[in-house]
Amino acid sequence: MTVLKLYTYPEPVLKKKAQKVDKVDDETRQLLDDMLETMYADAGVGLAAPQVGVSKRIVVIDVEQEDDEEGHFSKGHPLFLVNPEIVWCSDEMVCGEEGCLSVPQQRAEVERHAQVRVHYVDYEGKEQEILGEGLLAVCLQHELDHLDGILYIDRISRLKRQMIIKKLLKTQSSHD
Ligand code: NI
């Protein structure tokens with residue numbers, strides 16, 4: 001498995017609507033494996049294909065991974081989602097702080113549905129459905145947004161968004 005390059009704001013691929021996957025083949029599985037490795041390497045709970053520069057409707061999530069006090073990392077329960085689609089969401093909303101590997105070192109409060117039901121195709125190419133609550137619900141909505149070219153900073157106030165973008169571009173230019 002390979003750790004892939006992460007694409008960060010304002011890379012154009014992050015603003016594009018990603019393409020549906022025709023078939024889960026070995027190439028798709030390779031990408032899913034590499035994306036999972038990349039997500040763990042960067043201590044993220046979710047990653048969407050556009051974040052590694054691939055404009056396809058593919059997402060990996062693991063909200064149960066753990067780092068113990070000695071810094072030992074353990075895989076939790078990885079989810080591989082191909083062509084995921086929200087088929088139901090609760091009226092109840094929740095507000096929580098989010099970050100994103102494509103918007104490094106920034107966080108903001110985002111409003112999301114408390115529960116979502118998502119239909120998707122799994123690693124083996126089988127149709128599946130999952131009901132997400134809590135962190136999983138938030139993560140599903142955040143990652144599925146990436147497939148439509150939406151970042152969490154697009155869901156906050158204009159003022160907060162401008163503040164984050166300013167800080168982000170400042171850190172990026174100081175690295176060059
Ligand atoms: Ni993200």
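Taking the DSSP beta bridges in the chain as the whole, what percent of them are antiparallel, to the nearest 5? Can you show the working numbers first?
Working: 28 of 29 bridges.
Here the antiparallel bridges make up roughly 95 percent for the chain.
State which entries of K20/K126; K20/K160; K5/K75; K15/K170; K17/K166 exceed 23 angstrom in Cα-Cα distance in the structure shown. Among K20/K126; K20/K160; K5/K75; K15/K170; K17/K166, the Cα-Cα distance tops 23 Å for K20/K160; K17/K166. Mean sequence separation of contacting Cα pairs (under 8 Å, at least six apart), scaled by the length of the stretch 73-147, corresponds to a relative contact order of 29 percent.
Shown in residue order for the stretch 28-38 are the 3J(HN,Hα) couplings computed by the Karplus curve 6.51 cos²θ - 1.76 cosθ + 1.60 at θ = phi - 60°: 5, 5, 4, 5, 4, 4, 5, 5, 5, 4, 5 Hz (x for Gly and Pro).
At full extension, L131 and Q30 could sit 33.8 nm farther apart than now, given 0.36 nm per residue minus the alpha carbon distance.
Relative to the Cα centre, what is the charge dipole magnitude of the stretch 12-175, using +1 at the beta carbon of each Lys and Arg, -1 at the beta carbon of each Asp and Glu, and rounding to the nearest 20 debye? Walk me through the numbers on the way to the answer.
On the way: 20 positive and 31 negative charges, 271 e Å.
For this selection, approximately 1300 debye.
May I ask you to compute the full-extension gain from D68 to S157, defined as 0.36 nm times their residue separation minus their alpha-carbon distance, rounded to one decimal in nm?
Working: separation 89, 0.36 × 89 = 32.04 nm, distance 3.56 nm.
Working it through step by step, the gained length comes to 28.5 nm.
Within the accessible area of the chain, the carbon and sulfur atoms contribute 48%, probe 1.4 Å, all protein chains present.
Using a cut-off of 11 Å between beta-carbons, work out the net charge of the residues near E109 (Lys and Arg +1, Asp and Glu -1, E109 not included). Here the count lands on +1. With θ taken as phi - 60° and the Karplus curve 6.51 cos²θ - 1.76 cosθ + 1.60 applied, the whole-hertz 3J(HN,Hα) list for the stretch 42-47 is 9, 6, x, 9, x, 8 Hz, x standing for glycine and proline.
How high is the relative contact order of the chain, in percent, counting Cα pairs under 8 Å that sit 6 or more residues apart? Intermediate results must be reported in sequence, preceding the final value.
Details: 329 pairs, mean separation 38.9, N = 176.
Relative contact order of the chain: 22 percent.
How many Å² of accessible area per residue for the stretch 12-175, probe 1.4 Å?
Values: 8900 Å² over 164 residues.
On a per-residue basis, the stretch 12-175 sits at 54 Å².
Each of H146, L32, L168 was scored by the projection of its Cα onto the charge dipole of the chain, and the greatest displacement toward the positive side belongs to L168; charges sit on the C-beta of Lys, Arg, Asp and Glu.
Karplus-based coupling profile of the stretch 99-114, in residue order and whole Hz: x, 7, 5, 8, 10, x, 6, 10, 9, 7, 6, 10, 8, 9, 5, 5, with θ = phi - 60° in 6.51 cos²θ - 1.76 cosθ + 1.60 and x standing for Gly or Pro. For the chain, the convex hull spanned by the alpha carbon atoms encloses 127 Å³ per residue. Amide H contacts of E98 (H built 1.01 Å from N, in plane; Pro and chain starts excluded): A108, E109, V110 sit under 5 Å, all sequence-distant by 5 or more or on other chains.
The values are calculated or read from the model by the stated rules, or taken from the named source; none is laboratory data. The model shown is predicted, which means the values in this text are computed figures rather than measured ones. With ideal geometry, Cβ positions are generated from the backbone for all residues, glycine too; neighbour counts draw on all protein chains shown. Note: accessible area is taken over every heavy atom of the protein model, side chains too, but ligands, DNA and RNA are not part of it. Shrake-Rupley method; radii C 1.70, N 1.55, O 1.52, S 1.80 Å.
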